[in-house]
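Asks: Okay, handing you the structure first.
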Amino acid sequence: MKNLTLAKTTLLLLTIMIAGISLYAQKLPNVQKTSVYAPLNIKTDGKTTEWDNKFEAQNGATGLYYTMANDGEKLYLTIQGRDGNGTPISKMLNGGVTFTVKSDNKSVKPVVFNFLIFQSKGLTGLQKKINDPEAKIDSVLGPVNDQIAGALKEIGVKGVSDITDTLISVYNEYGIKEVVKYDNKKALTCEIAIPLKYISQLINGGTFKYNVKLNAIKMGNVSIVLNGSHVASGSEGEAKAMSLVNMIATSGGNGSDSFNDTDFSGSYTLAKK
């Protein structure tokens, strides 16, 4: 009887432990489901400390982790690509991110922001540095993040009546902010802040629609090596390399997402304090 009781107790404990593990390991939703009021200590600094390094969603199409939040004045979007999780980091650095805010009313034009626009050649050698197996991550983070900051020059804006230029400086007078940084786990985070006034015409009853697109890698940002030799831009070798890339993309082989746009859409209701 004692052995039977012990067996039942052990089974009960194992069941509780398994249930606890399953609950802990629950996957994040593919698209964010909740409204989030931004914490008082929020900073657009490329770090996720104010979020306790947690996210509201993990999107399967793009491979991105993300959180959307707001306060009374701004909308915040934090996206993160992680090492070993497909191609999001490569696409963030070499293709960029397009964030579109839409209205249910088709007569109202969407507002489109392009982030992660880097200066040509500004990121040369960056991923080699961050992925150097012999280098300590703490020693390379500073130089790598300085290189990213130095190469990040512009933000694309379309559909905002108060902003006539389609490209504005990262250090602009409009209150639109963007900061990109690697962390010590080699995750790449982009934090974005947008004043709500620029999308107010698209918000209906506190809700708006949005699309986040991880743009395909631009071949002009990629150094092509074919049969051990670097391929010159515009050469016959580049045409052969592109043919191979297209074959991979068409067949759905590994890596094909690198050269195709991936995106997701959702709706967000502004959180109230």
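Asks: In debye to the nearest 20, how big a dipole does segment 71-226 give about its Cα centre with +1 on each Lys and Arg Cβ and -1 on each Asp and Glu Cβ?
Replies: Details: 20 positive and 15 negative charges, 105 e Å.
Dipole of segment 71-226, to the nearest 20 debye: 500 debye.
Asks: Also: Can you run phi through the Karplus equation (6.51, -1.76, 1.60; θ = phi - 60°) for segment 134-146 and list ³J(HN,Hα) in whole Hz, with x for Gly and Pro?
Replies: 8, 9, 6, 4, 5, 7, 9, 4, x, x, 5, 5, 5
Asks: Can you run the Rg to Rh ratio on segment 107-199? Use alpha carbon positions and the Kirkwood inverse-distance Rh. Numbers along the way, then the final one.
Replies: Details: Rg = 15.9 Å, Rh = 14.8 Å.
Radius of gyration over Kirkwood radius for segment 107-199 works out to 1.07.
Asks: What ³J(HN,Hα) values, in whole Hz, does the Karplus curve 6.51 cos²θ - 1.76 cosθ + 1.60 give for segment 201-217 when θ = phi - 60°, with x put for Gly and Pro?
Replies: 5, 9, 9, 10, x, x, 10, 9, 9, 8, 9, 10, 10, 8, 6, 4, 4
Asks: Could you please state how large a percent of the accessible area of segment 100-139 is carbon and sulfur, counting protein chains only and using a 1.4 Å probe? Display every interim value, and only then the final one.
Replies: Working: 1370 of 2760 Å².
About 50 percent, which is the carbon plus sulfur part of the accessible surface.
Asks: Would you kindly derive the ³J(HN,Hα) couplings of segment 171-185 from the backbone phi angles with the Karplus curve 6.51 cos²θ - 1.76 cosθ + 1.60 (θ = phi - 60°), listing them in order in whole Hz, with x for Gly and Pro?
Replies: 9, 10, 8, 8, x, 8, 10, 8, 9, 10, 8, 7, 10, 6, 9
Asks: Total Lys pairs in segment 88-177 closer than 19 Å by alpha-carbon, pairs eight or more apart in sequence or interchain only?
Replies: Eligible lysine pairs with Cα atoms under 19 Å apart amount to 12.
The values are calculated or read from the model by the stated rules, or taken from the named source; none is laboratory data. These figures come from a predicted structure and were not determined experimentally. Cβ coordinates were reconstructed from backbone atoms using ideal geometry, including for glycine residues, and neighbour counts include every protein chain displayed. We work out accessible area using only protein heavy atoms, side chains counted, and drop any ligands, DNA or RNA first. Shrake-Rupley method; radii C 1.70, N 1.55, O 1.52, S 1.80 Å.
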